[in-house]
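The numbers here are math on the coordinates, done by the rules we state, and not lab data. The structure presented is a predicted model; accordingly, all values stated were derived computationally and were not measured. All Cβ positions, even for glycine, are placed from backbone atoms using ideal geometry, and neighbour counts span all protein chains on display.
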Amino acid sequence: MAQEYIIYCDESSGKGAHFSDFYGGALVQSEHLQEVISTLERRKKELNFGGEVKWNKVPGHVAYTQKYMDLMTCFFDLIAAGKIKVRIMFRQNTIQARNLTKEHLEQKYFILYYTFIKRGFGLDCSPVVAGGVRVRIYPDKIPDTAEQMERFRSFLVALARRPEFRQRGIKIHKEDVTDVVSHDHVILQCLDVVLGAMHFRLNDFHKEIPEGKRQRAKRTRSKEKVYKHINARIRSIYPGFNIGTSTAQRAEDSRWADPYRHWRLIPRKANRVVVPGSKRKKKKSSGTP
């Protein structure tokens, strides 16, 4: 029987001061799927989460903040055990693609999603599996027309015709590319928290002080605690991990084998621009994840 890879995807396309167009994904192999879901659901129940877990729901209440941290501990235990692979992709505002057409701008959401799935998980350097691999892709609810979604499906299905995918017997069927509601998928909820934490920290939202106030809001401080907990768990896997750049490839198959990676997307043809208010130093990095 063919192996299956289930990829849950989320995005945060809001423009930040320094980084924008955040895309996140969690890949689970079919042999681990039920264990991962039941483990996360059980932990969520133990922590008395009454509804959907989301980054934007992290409160200013200390006890509730601890619940988010405890759930992230469970999520990262599964990542460290190799039962979930997480990938985060984002774009730095000071690096902008050249020669973009009107169609590129109109279809940016889907182009970036396609790019992320094509390269982010290293499917092109994944091991050959007897019987081949069926890939299911579940993005969080996509706010676009049925026609655009159908076109997106067609592009993803076409990935399987690439030589490196055919060599591995990777198949993507149209019916296996389906947007879902995060409320019904605990893996997607946990991914949302990690993605939101990265967007929060890389855009310096942890420093925000409300107008007329002298210190940060309680929710801001709580979110910073959750972010720091997540970052500590990442660094327990990769000491010295840098969240603002692409994770180094330590081996030929790192893009596939690594349990957690970041990808700072750099277009092949790009210009560096000055973004008002940005004081970040330029960083050298590979354009590949």
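With both residues required to sit in the chain, DSSP beta bridges show an antiparallel share near 50%. Ranked by the mean number of other Cβ atoms within 10 Å of their residues, highest first, the peptides 157-163, 196-202 fall in the order 196-202, 157-163.
Please list, by residue number, everything in the stretch 100-124 whose backbone N is under 11 Å from a paramagnetic label point 7 Å out along Cα→Cβ of R151. Residues 103-111 qualify, since their backbone N sits under 11 Å from the label point.
Of interest is the spacing of the C-alpha centroids, which for the stretch 124-170 and the stretch 254-269 amounts to 18 Å. In this simple spin-label approximation, E211 and A251 carry label points 7 Å from Cα along the Cα→Cβ vector, and these lie 5.3 nm apart. Taken one residue at a time, the phi angles of the stretch 170-178 give Karplus couplings (6.51, -1.76, 1.60, θ = phi - 60°) of 7, 10, 10, 9, 3, 5, 9, 10, 9 Hz. Gly and Pro are set to x. Each peptide in 214-227, 232-245 receives the mean, over its residues, of other Cβ atoms within 10 Å, and ordering these scores from highest gives 214-227, 232-245. Measuring between alpha carbons in the structure, the pairs from K108/K223; K85/K225; K45/K83; K118/K228 lying more than 27 angstrom apart are K108/K223; K118/K228.
Under 5 Å from the amide H of Y260 lie the amide H atoms of V86, each residue being 5 or more positions distant or on a separate chain, with H modelled from the backbone and absent for Pro and chain starts. Backbone N atoms of the stretch 117-139 closer than 12 Å to the 7 Å Cα→Cβ label point of E31 belong to residues 129-130.
Label positions at D70 and A2, each projected 7 Å from the Cα along the C-beta direction, are separated by 4.2 nm.
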